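The values are calculated or read from the model by the stated rules, or taken from the named source; none is laboratory data. Computed from a prediction, not measured in an experiment: that's the story for all the values here. A quick note on method: Cβ atoms are made from the backbone with ideal geometry, for glycine too, and the neighbour counts reach across all protein chains shown.
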Amino acid sequence: MNKASQTMALPNYDRSALTAGIVHIGLGNFHRAHMAVYLDDLFAMGLAQDWAIIGAGVRAGDAAMREALIAQDCLSTVIELDPAGKSARRIGAMIDFVPVQDDNAALIAAMARPEIRIVSLTVTEGGYFIDPATGAFDPTDPEIIADAENPHRTAFGAIIAALKLRRAAGTQPFTVMSCDNLPGNGHVAQSAVVSLARLSDPALADWIKANVAFPNGMVDRITPATGPRERAMAQAFGVSDPVPVTCEPFRQWVLEDNFPAGRPPLEQVGVTFTPHVHAYEAMKIRILNGGHATIAYPGGLLDIDYVHEAMAHPLILGFLNKLELTEIIPTVQPVPNTDLANYYAKIVERFSNPEVADTERRLCLDGSNRQPKFIVPALRDALAQGSACDGLALVSALWCRYCAGVSDNGTVIAPNDPNWDALQAIAKPAQTKPQLWLEQRAIYGDLAENPIFAASFAAQVAMIRDHGTEAALRAYIG
């Protein structure tokens, strides 16, 4: 790498002039490579400098991130992994990180401040307490029961407490902006906040529903987990940072323009504001996230470590191409100003980027939350249209085989799902009784009763069991 490429770009604006306008809960890699970068770009243009971020977390593990970031003045190292050459910059959009506390008192106080006009979240797809079988908020979740009895312990409980303080003070409520990868993420966030409030204060729940905005949004940028490789990259740029972020060059953000308390002019730095977020979101969740699920489990079963290596495997790439073009993309409705074939071609390029070094294990993680969101909706639509579903059934069969816990070569697969033990207890007998897997209503709903899907799934399970992953991929490709 040449010397110029080793230069770390620093914020070119006066960070001491920034004032807070946003509290963000969940300071993981994605937020720091996405929303924080867009705001950093705005500040560099001399715009919106009253919209800096105050970081926050609600889990015990968030305290370590706070400690690391506070020690470096809340600066984040973001390294873009372009095959043509890496570039790095220090992102200065965050100016504080509130203490992580069991009762979230500091977080609640920060959100109650009048200058805070947006509270944003990246708390993962599984952090919204959704019942996968119904798609609705689950009031029986133990964390929710505990929060209703002893409020403010979850992110949503803290948001409710801050909104209650603002209502009492006559302060305009902030906008709640989910930046998580969920269909209708604004609606999901609203359901979580309003439903939790209703368990303890129905009048407040009604006020929140009537007065608080929850815009939907679609977010996209591949951001691998941080490990020794990523820390070494930061060191090569002259920065000792325990929590650097690496990411692909591509990024996208699509938002509903529903911010009654105001917002930064993000359209100036490439954010798309549109009433058609649902169309972009369905495209991304089905084609990109569904694509990730498609290549995840065959890669895991074939002991492939990295995503770009899976993309170089002709059977995995052939599986992805056929499934996307014949089963997934035909279920995606038209998207404004977007050619779906070009969008998919870009995804193939992105997945194949060797510099990102995203892992197959990361893609395999948390299938019990991801499969119902990324694969099952396309499967339902394909069945409703009378279209082929063998490839989507094969994705489910590969996931089932992966959860049995042993790769094709006999390597033991370490637990890789919050529900791993329960999944494994079903996956093992399902190798000979496939219907057991489909009877997981939280994942498949009533699809176990669909004879076309059930027969295809059973055939794919038998093919993988008797002949292996590569044979199953080869048979599907034809």
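Report yes if some residue within region 318-329 is surrounded by fewer than 22 Cβ atoms within 10 Å (Cβ to Cβ) and at pLDDT below 95; otherwise report no.
So far as region 318-329 goes, no, none of its residues is surrounded by fewer than 22 Cβ atoms within 10 Å (Cβ to Cβ) and at pLDDT below 95.
Consider region 328-355. How many of its residues are farther than 12 Å from Ala282 by Cα and touching a Phe, Trp or Tyr at 6+ places or on another chain (Cβ under 7 Å)?
1
Name the pairs: first residue in region 377-398 and of a type in the set (S, T, N, Q), second residue surrounded by 19 or more Cβ atoms within 10 Å (Cβ to Cβ) and assigned to a loop (DSSP other than H, G, I, E, B), Cβ to Cβ under 9 Å, at least 6 apart or on different chains?
Every condition considered, the pairs that remain are Ser396/Ile375.
Among the residues of region 248-256, are any in contact with a Cys (Cβ under 8 Å, 6 or more places away or on another chain) and either assigned by TED's automatic domain parsing to the domain that holds Asp147 or among the small types (Gly, Ala, Ser) (or both)?
No, every residue in region 248-256 fails to be in contact with a Cys (Cβ under 8 Å, 6 or more places away or on another chain) and either assigned by TED's automatic domain parsing to the domain that holds Asp147 or among the small types (Gly, Ala, Ser) (or both).
Return a yes/no flag: does region 404-423 have any residue that is of a type outside the set (A, V, I, L, M, F, W, C), over 21 Å from Arg286 (Cα atoms) and in a helix (DSSP H, G or I).
yes
Gly262 is checked against (1) at positive phi; (2) in the same structural domain as Ile413 (by TED's automatic domain parsing) and fails just one. What number does that condition carry?
Gly262 satisfies every listed condition except (2).
Per-residue answers, yes or no, for (1) at pLDDT 95 or above; (2) within 27 Å of the chain's Cα centre (by Cα); (3) under 26 Å from Lys322 (Cα atoms):
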{"site": "Ile426", "(1), (2), (3)": "yes, yes, no"}
{"site": "Leu438", "(1), (2), (3)": "yes, yes, yes"}
{"site": "Ile464", "(1), (2), (3)": "yes, no, yes"}
{"site": "Gly478", "(1), (2), (3)": "no, no, yes"}
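So for region 215-227 (the condition being farther than 30 Å from Glu355 by Cα, modelled with pLDDT of 95 or more, surrounded by 19 or more Cβ atoms within 10 Å (Cβ to Cβ) and more than 18 Å from the chain's Cα centre (by Cα)), does at least one residue qualify?
First pass over region 215-227, keeping only residues farther than 30 Å from Glu355 by Cα: 215-216.
Going one step further and asking which of them are modelled with pLDDT of 95 or more, we end up with 215-216.
Checking the rest, the ones that are also surrounded by 19 or more Cβ atoms within 10 Å (Cβ to Cβ) come to 215-216.
Cutting the leftovers down to more than 18 Å from the chain's Cα centre (by Cα) gives us none.
So far as region 215-227 goes, no, none of its residues is farther than 30 Å from Glu355 by Cα, modelled with pLDDT of 95 or more, surrounded by 19 or more Cβ atoms within 10 Å (Cβ to Cβ) and more than 18 Å from the chain's Cα centre (by Cα).
Consider only pairs whose beta carbons are under 9 Å apart and that are at least six residues apart or on different chains; among these, list those whose first residue lies in region 263-286 and is in contact (Cβ under 8 Å) with a residue 60 or more places away in the chain and farther than 26 Å from Asp50 by Cα and whose second residue is of a type in the set (Phe, Trp, Tyr) and outside any loop (DSSP other than H, G, I, E, B).
Met283/Tyr343; Lys284/Tyr343; Ile285/Phe374; Arg286/Phe374
Of the residues in region 107-122, how many are outside any strand (DSSP E or B), among the small types (Gly, Ala, Ser) and in contact with a strand residue (DSSP E or B) (Cβ under 8 Å, 6 or more places away or on another chain)?
So the count comes out to 1.
Considering only strands (runs of 3 or more DSSP E) fully contained in region 1-100, which possess at least 2 residues that are among the polar types (S, T, N, Q)?
76-80
How many of the residues making up region 31-76 are surrounded by fewer than 24 Cβ atoms within 10 Å (Cβ to Cβ) and either of a type in the set (S, T, N, Q) or outside the structural domain of Arg117 (by TED's automatic domain parsing) (or both)?
Counting residues in region 31-76 that are surrounded by fewer than 24 Cβ atoms within 10 Å (Cβ to Cβ) and either of a type in the set (S, T, N, Q) or outside the structural domain of Arg117 (by TED's automatic domain parsing) (or both) gives 2.
Yes or no, residue by residue, for (1) closer than 23 Å to Phe250 by Cα; (2) among the hydroxyl-bearing types (Ser, Thr, Tyr):
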| position | (1), (2) |
| --- | --- |
| Pro354 | yes, no |
| Arg370 | yes, no |
| Leu383 | no, no |
| Asp390 | no, no |
| Cys403 | no, no |
| Thr411 | no, yes |
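Quick check on my filter: what residues within region 228-248 are touching a Lys or Arg at 6+ places or on another chain (Cβ under 9 Å) and of a type outside the set (Gly, Ala, Ser)?
Met233, Phe237, Val239, Asp241, Pro242, Val243, Pro244, Val245, Thr246, Cys247, Glu248
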